[in-house]
Every structure is written in structure tokens, then in C-alpha cells.
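*Asks:* Just passing along the structure, written as C-alpha cells.
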């Protein structure tokens, strides 16, 4: 487990055991999560996405009580980026990025109060999410992946985004709705 400069954001690095057959790793450990302050009982849903090189899925969050998620890349590699949108946080509007891949198997716990997104930096990537709340579309938050005020530098040319992500609003608009 590694802490980050953004309070509550935690990186888990599981042990990976390699041999002539391949590898074995534990993808979730309730005791390890609890030791890091992440209650395993929070999680209610697991999801997975598959995307090709250059695809960006960003920036998404949840209003209301927010949504925590434990994110890992099961296949390939992604450049994962979060933005702190907690109005009272000393790191409000700061971003944190980390490479998640199928070599280190790092997991990123993103607590409620963050926007989250990633770009695929391998030919293909499967990203798995363990989520703390049932999805409620009425609480969806989104900021355009190329918003100039966030100024996130994606490592690859962007090859595709969803229509929803293309139509997402600005950081300035979301920020004003957060009271900042």
C-alpha cells in the first residue's frame, strides 16, 4: 500500500508470483483494504471495460454522497488520472496520475469526491472497477477530457472518446456548482 499526495487516494501493490506456468496474484484482499482504511463492505458492484490504444474514458464522477472505486488494469496498460473535486480539500482541483498495468497489478482506490479517467497506452486494455454505490445516472458528473483548465496531458494521441465524454461540460462550470 502506498499513500498519495491526495488524501484518501491509495495505491495497492499486490504480490505477484511468477513461475513457468505464468503468474498468480490476489486481485482483492479485504484485510489489506481495511488496514489501509478502505472498508471492504463499501463495495457493491464490479465492472469491467475493454478499450484499444489511445481511447480516453474521462472525466467521470458522482454527485450526492459521491462514489468510491477500486480500479485496476487486468490486461494491458492505462494512464489513470483523478482530479480532487472535494470543495473543502486542501488539494481541491489537483490531479494525480499513475500507470496501471498487467505487470505490477497496482490498484488505485479513488475515494468519493474525485473525477476519474484514463487513457489506454497499450494495444488493448481491460480495466476493472470495484464500486461503492449502485449507479444512479441522475448523479453523474463529467468534465471534458481535454478541458484547458484541467490541462491534463494524455500520453498518447487521443483516438476515440464516447459521445457522452465529447459532450461533457467544463471544469469551470462544474467547479461553480461545487461552490468553488
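The values are calculated or read from the model by the stated rules, or taken from the named source; none is laboratory data. A quick note: this is a predicted structure, and the numbers were derived from the prediction, not measured. In this analysis, Cβ positions are derived from the backbone assuming ideal geometry, glycine residues included, and neighbour counts consider all displayed protein chains.
*Asks:* Show the residue pairs meeting these rules: Cβ distance below 9 Å; 6+ apart or different chains; first residue within segment 1-26 and within 30 Å of residue 90 (Cα to Cα); second residue modelled with pLDDT under 80 and not in a strand (DSSP E or B).
*Replies:* 10/1; 11/1; 12/1; 13/1
*Asks:* For segment 113-151, enumerate the residues that are surrounded by fewer than 19 Cβ atoms within 10 Å (Cβ to Cβ), in contact with a strand residue (DSSP E or B) (Cβ under 6 Å, 6 or more places away or on another chain) and either outside any strand (DSSP E or B) or without any contact (Cβ under 8 Å) to a residue 60 or more places away in the chain (or both).
*Replies:* Correct list: 122, 139.
*Asks:* Yes or no: segment 27-38 includes at least one residue that is surrounded by 14 or more Cβ atoms within 10 Å (Cβ to Cβ), within 16 Å of the chain's Cα centre (by Cα) and assigned to a strand (DSSP E or B).
*Replies:* No, segment 27-38 contains no residue that is surrounded by 14 or more Cβ atoms within 10 Å (Cβ to Cβ), within 16 Å of the chain's Cα centre (by Cα) and assigned to a strand (DSSP E or B).
*Asks:* Then there is this: Is it true that residue 92 is farther than 29 Å from residue 179 by Cβ and in a loop (DSSP other than H, G, I, E, B)?
*Replies:* Here the answer is no, as residue 92 does not meet what is asked.
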